[in-house]
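I have placed the structure first, in the form of structure tokens, so that the comments after it can refer back to it.
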Amino acid sequence: MTKTQQKPKKKGYDFTEVEPRIMQFWEKEKIFKFNTTNTEKEIFSFDTPPPTISGRLHMGHVFGDAQQDFIARYKRMKGFNVLNPFGTDNNGLPTLKLVEKEKKVNSKDMTREEFIELCQKTIKEEFIPQFLNDAKRLGISADWDIFYSTIDRRSRRISQKSFIDLYKMGREYRTECPSLWCTKCQTTIAQVELEDVDKNTIFNDIVFKIGNQDLIISTTRPELLPACVCVFVNKSDKRYKDIIGKKAKVPLFDFEVPILTDEKADPEKGSGAVMCCTFGDQTDMEWQKEYQLEIKEAITPNGKMTSLTGKYEGMKIEEAREEIIKDLKNAKLLIKQEKINHSVNVHERCGTPIEFINSKQWFVKYLDIKEDMIKWGEKVKWYPEYMQHRYTNWVKGLKWDWCISRQIPFGIPFPVWYCKDCNEIIVANEKDLPVDPLEDKPPIKNCPKCNSSEFVPEKDIMNTWATSSLTPEIIKDLLKDTKIYNKIKNEPMSIRRNGHDIITFWDFNSILKSQLHHKKNPWNTLMINGWMLGKDGKKMAKSRGNGVAPQDTIEQWGSDALRFLCATSKLGEDLSFPEAELTAGKKTITKLWNASKFVFMNLEDYNDRKPEKLEKIDDEFLKHLDNLVESVTTHFEDYNYSYAKDNIERFFWSDFADNYIEIVKKRIYNESGDKKLSAQYVLYKSLLTILKLFAPIMPFITEEIYQIYFKKTEGDKSIHISNWPEFNRKAKISETFNRFVEVLSKVRHAKTVAQKSMNSEISLTLDKDTVKKLGETLQDLQDVTNTKKFKEGEFKVEFI
């Protein structure tokens with residue numbers, strides 16, 4: 001007898017002992033291994049989201065990972081060859097910040113090579129093992145041998161090849177322009193990395209001068225006055241018709257700027273006159289480009305004022321704002337202030353308000369194909385369907401091409417050098433990938449344009465999403481040396497699952513790159529999960545103190561109970577942490593354990609044989625079970641795991657434990673031959689079916705019960721690679737069983753109201769139609785209700 005086939009201990013089910021043991025069994029026996037040699041079996045493949053390694057597995061990971069695993073386990077039992085790899089995203093800014101914090105170092109004080117080596121060593125040795133163990137402890141049924149990191153050599157090669165291919169297509173370009181910039185992280189960011197946050201600020205009415213005439217400009221950012229290059233008014237605004245074409249003097253800085261007209265100047269906002277600075281927002285960028293205005297830079301990349309600002313040079317942005325307001329007041333050039341609350345773009349990583357800094361950056365060109373991108377999104381099957389609107393609305397709202405440059409030391413380098421003399425771009429040869437231009441030499445000795453032999457390496461690295469968007473290719477490449485590769489290399493993966501917060505990050509960029517490279521979508525289906533919120537209904541965060549550590553939850557309640565909780569929410573919906581579901585899950589686990597013990601106590605003489613004829617109530621119960629299997633199967637096929645869980649739970653507690661077991665007890669105890677055999681057969685079959693239906697959601701308890709009671713007879717090494725229960729599509733709902741349960745419930749209620757025990761003897765009156773419908777099941781009804789006498793008439797319970 002193997003360790004997983006131990007006899008149940010009298011003290012009851014102990015998840016602290018069972019779950020780690022089952023976890024080791026799965027891993028040792030490679031229960032979830034993807035078959036790379038069977039090219040005939042249908043494949044169901046997951047493009048698994050690689051979690052950012054920024055600490056331990058958190059409840060957000062658990063919520064989505066568990067929901068994905070429900071589907072992975074279901075598909076495996078349905079007979080698919082399931083490709084469920086596991087990857088980690090330890091590339092770019094999050095990893096940089098983690099290592100700086102944990103190792104108490106500053107990446108700017110180290111060489112790039114030194115810091116990269118420290119990052120890779122720290123993540124590989126200290127964080128990934130811990131992260132993987134957390135995922136395994138949750139019961140994630142991945143093939144742990146198919147593993148990748150978004151910074152490993154394979155990923156670097158694939159990412160750099162993608163860059164080179166898109167560059168050769170004319171889809172990537174480098175230019176100097178204003179770019180979204182985080183002054184804290186000191187790097188460019190993409191539009192997708194912005195977050196809108198409501199902030200309290202001050203609307204200032206400031207006096208510009210046109211000769212002796214005052215022109216009032218309303219602004220929340222007076223620190224940008226030294227970068228003012230123009231004033232705009234709306235030509236329909238009659239207040240300003242006489243000043244159009246004149247010049248206004250900028251207060252405190254005493255230089256003049258032209259007054260022009262543009263439709264984007266809103267007469268209803270502030271004074272209706274707007275200063276254009278380089279750069280305060282997107283509108284400033286558009287105006288500068290459209291009217292070929294001068295570029296003045298007032299803010300440095302590290303968030304301080306430049307020499308352009310005079311005496312304010314070196315001050316932080318907020319400090320300079322306060323000083324300029326003070327000076328405007330003293331000069332009587334600030335006539336009004338109004339407190340307002342408005343939306344501010346911040347960097348989603350650190351919450352710092354973004355600036356626009358003029359610099360050279362690499363971009364992916366895509367604004368010209370917005371209509372195509374919308375059509376590509378329409379070809380994907382979205383679950384839930386309404387999540388597609390987020391994708392479509394995002395595409396419609398795009399204002400900039402995708403900036404993929406980052407000015408940080410850790411990440412995947414651009415495979416690029418520049419000619420020192422003429423700035424010609426030189427890209428690496430594909431056979432040399434991956435390369436690091438800071439360490440490696442360019443593939444040519446002389447510039448093809450000017451014949452110079454001196455080259456400058458690109459120091460920037462690629463945005464992490466430029467690599468993460470290639471996970472389908474990375475996963476397939478992991479299988480390049482296997483028989484299965486030719487079957488999967490040109491086919492979309494079956495599904496990707498991720499949170500709704502990264503539809504615009506990961507999903508959009510993945511669709512874009514797959515279509516540009518391969519002219520097809522990367523997968524057929526998107527499964528979008530919601531967020532696990534704190535008990536207060538807000539996103540879990542250390543700062544709010546509403547976080548729940550999954551490690552602590554598992555230690556107290558077990559993984560099955562936590563997974564049970566994760567199945568409570570409909571796909572795509574956010575869920576405030578429902579602690580009561582842990583209690584419900586634990587009760588269900590205990591009930592499964594005890595019901596299984598009871599069933600098999602009464603199957604000791606069962607010979608695994610089906611009687612020639614089932615008793616009527618047993619046959620009707622199997623029809624009822626058949627309907628359950630059909631319902632649960634349909635829900636899993638539609639990714640409605642929460643409905644599946646509700647249906648199984650209700651059936652197990654009510655129909656099986658409360659009703660059917662009680663119905664057949666006397667027959668099991670007192671009868672022999674086929675009457676008893678009929679009940680035993682149905683108990684065995686229905687319990688096994690219930691376990692299989694529960695297995696995707698609660699894998700540990702179902703495996704333990706299977707190993708103890710069913711493995712010897714059924715033969716499958718694990719319940720999770722056994723066949724999913726089949727159902728008869730022609731089977732009808734059992735009216736007989738439903739009527740039986742209806743009568744039983746009425747009798748139980750009558751006994752409860754009369755404060756009688758459930759075993760008290762009664763005389764039962766039933767109407768003619770009920771007697772007819774119950775037919776052969778009347779004997780079982782008599783046994784379970786302890787009825788000593790039947791009468792015909794209106795329903796009535798009399799105590800004897």
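Quick look at the values:
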quantity: Test set (1) at pLDDT below 95; (2) open to solvent by less than 10 Å² (accessible area, probe 1.4 Å) - Ile474 fails condition number; calculated: (1)
quantity: Qualifying residue in segment 501-511 (condition: under 23 Å from Glu195 (Cα atoms) and at pLDDT below 90); calculated: yes
quantity: Qualifying position, being under 30 Å from Phe80 (Cβ atoms), touching a Phe, Trp or Tyr at 6+ places or on another chain (Cβ under 9 Å) and open to solvent by 10 Å² or more (accessible area, probe 1.4 Å), among Asp638, Asp646; calculated: Asp638
quantity: Any chance Gln556 is part of a helix (DSSP H, G or I), open to solvent by 30 Å² or more (accessible area, probe 1.4 Å), within 30 Å of Ile475 (Cα to Cα) and not small (Gly, Ala, Ser); calculated: no
quantity: Considering residues of segment 712-761 that are open to solvent by 60 Å² or more (accessible area, probe 1.4 Å) and of a type in the set (A, V, I, L, M, F, W, C) only, the residue nearest to Leu628 (Cα to Cα); calculated: Ile733
quantity: Matching option when the condition is free of Cβ contacts under 8 Å to residues at least 40 places away in the same chain, part of a helix (DSSP H, G or I) and either closer than 30 Å to Cys403 by Cβ or in contact with a Phe, Trp or Tyr (Cβ under 8 Å, 6 or more places away or on another chain) (or both), among Leu582, Leu512, Leu516, Leu592; calculated: Leu582
quantity: Top-ranked residue in segment 441-461 [being at pLDDT 95 or above and not in a loop (DSSP other than H, G, I, E, B); ranked as farthest from the chain's Cα centre (by Cα)]; calculated: Phe455
quantity: Pairs where the first residue, in segment 216-234, is more than 18 Å from Tyr312 (Cβ to Cβ) and the second is in a strand (DSSP E or B) and among the hydroxyl-bearing types (Ser, Thr, Tyr), C-beta under 9 Å, 6+ apart; calculated: Phe232/Thr261; Val233/Thr261; Asn234/Thr261
quantity: Selected residue [part of a helix (DSSP H, G or I), open to solvent by 10 Å² or more (accessible area, probe 1.4 Å) and either touching a Pro at 6+ places or on another chain (Cβ under 7 Å) or over 30 Å from Phe34 (Cα atoms) (or both)] from Glu113, Glu126; calculated: Glu113
quantity: Condition met for Arg156 (open to solvent by 30 Å² or more (accessible area, probe 1.4 Å), closer than 20 Å to Thr467 by Cβ, assigned to a strand (DSSP E or B) and not β-branched (Val, Ile, Thr)); calculated: no
quantity: Residue tally, condition over 50 Å from the mean Cα position of the chain (by Cα) and open to solvent by 10 Å² or more (accessible area, probe 1.4 Å), over segment 215-252; calculated: 11
quantity: Residue check for His624: of a type outside the set (Lys, Arg), modelled with pLDDT under 95 and open to solvent by 10 Å² or more (accessible area, probe 1.4 Å); calculated: yes
quantity: Subset tally (residues that are touching a residue at least 40 places away in the same chain (Cβ under 8 Å), open to solvent by 30 Å² or more (accessible area, probe 1.4 Å) and not in a loop (DSSP other than H, G, I, E, B)) for segment 63-101; calculated: 1
quantity: Scan of segment 314-360 for residues that are at pLDDT below 90 and either in contact with a His (Cβ under 7 Å, 6 or more places away or on another chain) or among the polar types (S, T, N, Q) (or both), ordered by number; calculated: Asn341, Ser343, Asn345, Thr352, Ile354, Asn358, Ser359
quantity: Residue, farthest from Ile648 (Cα to Cα), within segment 562-579, restricted to residues that are assigned to a helix (DSSP H, G or I) and in contact (Cβ under 8 Å) with a residue 60 or more places away in the chain; calculated: Leu562
quantity: Sole residue being modelled with pLDDT of 95 or more and outside any helix (DSSP H, G or I), chosen from Tyr643, Tyr639; calculated: Tyr639
quantity: Residues located in segment 367-421, provided they are in contact with a strand residue (DSSP E or B) (Cβ under 7 Å, 6 or more places away or on another chain), open to solvent by 30 Å² or more (accessible area, probe 1.4 Å), charged (D, E, K, R) and more than 18 Å from Gln515 (Cα to Cα); calculated: Lys420
quantity: Test: residue in segment 439-454 that is closer than 29 Å to Phe508 by Cα, free of Cβ contacts under 8 Å to residues at least 60 places away in the same chain and out of contact with any Asp or Glu (no Cβ under 9 Å at 6 or more places or on another chain); calculated: no
quantity: Only listed residue being surrounded by 20 or more Cβ atoms within 10 Å (Cβ to Cβ) and either touching a Pro at 6+ places or on another chain (Cβ under 9 Å) or in contact (Cβ under 8 Å) with a residue 12 or more places away in the chain (or both), chosen from Ala265, Ala331; calculated: Ala265
quantity: Inter-residue pairs, beta-carbon under 7 Å, first in contact (Cβ under 8 Å) with a residue 40 or more places away in the chain and in segment 102-113, second of a type in the set (A, V, I, L, M, F, W, C) and part of a helix (DSSP H, G or I), 6+ apart; calculated: Ser107/Leu96; Ser107/Phe115
quantity: Unmet criterion (only one of (1) open to solvent by less than 20 Å² (accessible area, probe 1.4 Å); (2) in a strand (DSSP E or B); (3) closer than 30 Å to Gly303 by Cα) for Ile151; calculated: (2)
quantity: Test: residue in segment 712-734 that is of a type in the set (Ser, Thr, Tyr), touching a Lys or Arg at 6+ places or on another chain (Cβ under 7 Å), closer than 30 Å to Leu766 by Cα and not in a loop (DSSP other than H, G, I, E, B); calculated: no
quantity: Strands (runs of 3 or more DSSP E) wholly inside segment 270-370 containing at least 3 residues that are under 41 Å from the mean Cα position of the chain (by Cα); calculated: 334-347, 355-364
quantity: Flag for Asn498 being touching a strand residue (DSSP E or B) at 6+ places or on another chain (Cβ under 9 Å) and either open to solvent by less than 70 Å² (accessible area, probe 1.4 Å) or outside any helix (DSSP H, G or I) (or both); calculated: yes
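Yes/no matrix, rows are residues, columns are (1) surrounded by fewer than 17 Cβ atoms within 10 Å (Cβ to Cβ); (2) within 30 Å of Glu294 (Cβ to Cβ):
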site	(1), (2)
Gln130	yes, no
Ala135	no, no
Lys168	yes, no
Arg171	no, no
Thr175	yes, yes
Ile202	yes, yes
Gln213	yes, yes
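Condition check ((1) of a type in the set (Lys, Arg); (2) assigned to a strand (DSSP E or B); (3) closer than 30 Å to Pro94 by Cα) across all residues:
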{"site": "Cys185", "(1), (2), (3)": "no, no, yes"}
{"site": "Thr201", "(1), (2), (3)": "no, yes, yes"}
{"site": "Asp205", "(1), (2), (3)": "no, yes, no"}
{"site": "Lys209", "(1), (2), (3)": "yes, yes, no"}
{"site": "Glu223", "(1), (2), (3)": "no, no, no"}
{"site": "Val231", "(1), (2), (3)": "no, yes, no"}
{"site": "Asp242", "(1), (2), (3)": "no, no, no"}
{"site": "Ala248", "(1), (2), (3)": "no, yes, no"}
{"site": "Asp254", "(1), (2), (3)": "no, no, no"}
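The values are calculated or read from the model by the stated rules, or taken from the named source; none is laboratory data. Because the structure is a prediction, the values reported are computed rather than measured. Cβ: placed from backbone, ideal geometry, glycine included. Neighbour counts: every protein chain shown. What goes into the accessible areas is simple: the full protein's heavy atoms, side chains included, and nothing from ligands, DNA or RNA. Shrake-Rupley method; radii C 1.70, N 1.55, O 1.52, S 1.80 Å.
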